[in-house]
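Here the structure is laid out as structure tokens; the discussion comes afterwards.
The values are calculated or read from the model by the stated rules, or taken from the named source; none is laboratory data. Owing to the predicted nature of the structure, the values given are computational and were not obtained by experimental measurement. Cβ sites come from the backbone with ideal geometry, for glycine too, and all protein chains shown count toward neighbours.
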Amino acid sequence: MPKRKASENARIVVIRLRSSIGLRQDVKETLLTLNLSRVNHAVIIDKRASYLGMLQKAKDAITWGEVDAPTLTRLLQKRGRLEGDNPLTEDYMTRRTKYKSIEDFASSILTFKAELADVPKLKKVFRLHPPSKGFRGSIKLPYRQTGELGYRGNEINLLLKRMT
């Protein structure tokens, strides 16, 4: 694996919050490139310049931020799915991979020692529930203006806990 710059040492979770109605065609294509085909779908990416450009282009339909280890573990346990819509289990992890648990795999992802593709048949998209007790702000405004869209840093972990 190529050596990463210091600015690239973070995993980002991207969640789609808005539908494609009224979006420009290039934004729709960007969302499909990120594998965000539906509302409340989430993906895990790294912090590369090419991904950051895509996030800026689609910022009016998504929210994103840096994920921490407990939240990523919870996301994999509750929303991780294999082909055939089977849940990702500890038993599957120990039998089919070199990782001892989902928690071990999550920490390996955050330290760039593993990728989601290392688990056979694991889907790259996480289908989330709408957040419990609803969104705190408008899904039409940026996060800094009491909305939900755009970059939110570590606050993404709070939203993910409410959506898993």
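Scanning region 124-149 for residues that are under 15 Å from the mean Cα position of the chain (by Cα), surrounded by fewer than 19 Cβ atoms within 10 Å (Cβ to Cβ) and of a type outside the set (V, I, T) yields K124, R127, H129, P130. All told, L158 meets the bar of being in the same structural domain as D46 (by TED's automatic domain parsing), aliphatic (A, V, I, L, M), assigned to a helix (DSSP H, G or I) and surrounded by fewer than 19 Cβ atoms within 10 Å (Cβ to Cβ).
Between D46, D26, the distinction of being acidic (D, E) and either at pLDDT 95 or above or not assigned by TED's automatic domain parsing to the domain that holds E148 (or both) belongs to D26 only. Against the conditions (1) of a type in the set (A, V, I, L, M); (2) at pLDDT 95 or above; (3) outside the structural domain of S138 (by TED's automatic domain parsing), M1 satisfies every one except (2). Any idea which residue in region 4-17 is farthest from E155 (Cα to Cα), counting only those that are in contact with an Asp or Glu (Cβ under 7 Å, 6 or more places away or on another chain) and at pLDDT 90 or above? Among those that are in contact with an Asp or Glu (Cβ under 7 Å, 6 or more places away or on another chain) and at pLDDT 90 or above, it is L17. Taken together, the criteria exclude A114 from residues that are aliphatic (A, V, I, L, M), outside the structural domain of S37 (by TED's automatic domain parsing), part of a helix (DSSP H, G or I) and out of contact with any strand residue (DSSP E or B) (no Cβ under 9 Å at 6 or more places or on another chain). One residue alone among L110, L52, L36 is within 15 Å of the chain's Cα centre (by Cα) and under 24 Å from R136 (Cβ atoms), and that residue is L36. When region 56-79 is filtered for residues that are in a loop (DSSP other than H, G, I, E, B), surrounded by fewer than 21 Cβ atoms within 10 Å (Cβ to Cβ) and under 12 Å from the mean Cα position of the chain (by Cα), only D68 remains.
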